[in-house]
1. Which ones in the range 98-121 are free of Cβ contacts under 8 Å to residues at least 60 places away in the same chain, open to solvent by 10 Å² or more (accessible area, probe 1.4 Å) and either under 20 Å from ALA203 (Cβ atoms) or among the basic types (Lys, Arg) (or both)?
2. Can you find, within the range 215-271, the residue that is modelled with the highest pLDDT among those that are of a type in the set (Phe, Trp, Tyr) and open to solvent by 40 Å² or more (accessible area, probe 1.4 Å)?
3. Only one of ARG38, ARG17 is of a type in the set (D, E, K, R) and more than 17 Å from ALA125 (Cβ to Cβ). Can you tell me which?
4. Got a sec? Which helices (runs of 4 or more DSSP H) wholly within the range 176-228 have at least 1 residues that are closer than 26 Å to TYR271 by Cα?
5. How many of the residues in the range 127-168 are small (Gly, Ala, Ser) and open to solvent by 20 Å² or more (accessible area, probe 1.4 Å)?
6. Against the conditions (1) touching a residue at least 12 places away in the same chain (Cβ under 8 Å); (2) aliphatic (A, V, I, L, M); (3) open to solvent by 20 Å² or more (accessible area, probe 1.4 Å), where does LEU83 fall short? Just the number, please.
7. Checking MET32 against (1) within 17 Å of TRP114 (Cβ to Cβ); (2) over 17 Å from the mean Cα position of the chain (by Cα), which test does it fail?
Amino acid sequence: MTELSSNGVVSYAVEDRIAWVNFNRPDKRNCMSPTLNRDMMEVLDSLEYRDDVGVLVLSGEGTAWSAGMDLKEYFRETEAKGLGATRAAQRESYGWWRRLRWYQKPTIAMVNGWCFGGGYGPLFACDLAFAADEAQFGLSEINWGILPGGGATKVAVELLPFRKAMYHAMMGENIDGPTAAAWGLVNESLPLAELKGRVMEVAKVLLAKNPVALKATKDAVRRVGVLSYDDAEDYLIRAQEAANSFDNEGRKEGIRQFIDAKSFKPGLGAYDLAAPRA
């Protein structure tokens, strides 16, 4: 059953442990407004620790994923209220993107259509990203006289080679799904009709893996990128010790199934989470 956020600008449904969360302003190409940003935080809060949610998928209602920030509501109307209102709006948008980057559950961006400007914030926040071939990605801010905001410049530099990031930010040209995949903005691109099926396939693979290990792994990948090798080595040792303290039996069960039961091979898939433990 599909539910709506307090103001109806985010829709969501939980099916077979997958939370399908959608931007829900199709008439505005799912542009993000202060209201949507507040509602998205509300929805993320409500889903993060639910036992019936193992993976979260972020997509958009209609023909767009998100065309970025609502120029009228986020910029013009907010700026008219003064610097305090502008800072508050920034905290709300950056806040839920930050929350999504460090979310308890694995997250997947399912980019079904337009993804512009500020939309790069939640795109990068998701652990994995899959796009429709028909999707359009763009940093169009240069075309109306500002730099790519909302963290979009950082996202471009994080995900793209330097020359492609510079070209993408300076030219203001759109790229399609296959180009976004080739450049590294998303993991894969495929026809729109096949997109949800592929995302569901990936989500089911994630659901079969140890959730404590998944959380530790996704955090580690984000953290070590800004650390020296020695600092990363130290962080990863501590992260493994912390994960063991949360779920030491799960780690031992995986080893038991491999060494003693010989019921799985780590290189070919995950151990059986539902198997009776010895």
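The values are calculated or read from the model by the stated rules, or taken from the named source; none is laboratory data. The shown structure was predicted, so the numbers you read here are calculated from the model rather than taken from an experiment. All Cβ positions, glycine included, derive from the backbone under ideal geometry; neighbour counts span all protein chains shown. What goes into the accessible areas is simple: the full protein's heavy atoms, side chains included, and nothing from ligands, DNA or RNA. Shrake-Rupley method; radii C 1.70, N 1.55, O 1.52, S 1.80 Å.
1. ARG98, ARG99 - these are the residues of the range 98-121 that are free of Cβ contacts under 8 Å to residues at least 60 places away in the same chain, open to solvent by 10 Å² or more (accessible area, probe 1.4 Å) and either under 20 Å from ALA203 (Cβ atoms) or among the basic types (Lys, Arg) (or both).
2. At the first step, the residues of the range 215-271 found to be of a type in the set (Phe, Trp, Tyr) are 229, 235, 246, 258, 264, 271.
Restricting the remaining residues to those that are open to solvent by 40 Å² or more (accessible area, probe 1.4 Å) gives 229, 235, 246, 258.
Details: TYR229: 92, TYR235: 87, PHE246: 80, PHE258: 72.
Of everything passing the filter in the range 215-271, TYR229 is modelled with the highest pLDDT.
3. On the way: ARG38 fails: more than 17 Å from ALA125 (Cβ to Cβ).
Answer to the selection: ARG17.
4. Working: elements: 177-183, 192-207, 211-224.
Where helices (runs of 4 or more DSSP H) fall fully within the range 176-228 and carry at least 1 residues being closer than 26 Å to TYR271 by Cα, they are 192-207, 211-224.
5. If we filter the range 127-168 for residues that are small (Gly, Ala, Ser), which is where we start, we get 129, 131-132, 135, 138, 140, 145, 149-152, 156, 165.
Going one step further and asking which of them are open to solvent by 20 Å² or more (accessible area, probe 1.4 Å), we end up with 140, 145, 149, 151.
Residues meeting the conditions: 4.
6. Just one mismatch for LEU83, condition (1).
7. Condition not satisfied by MET32: (2).
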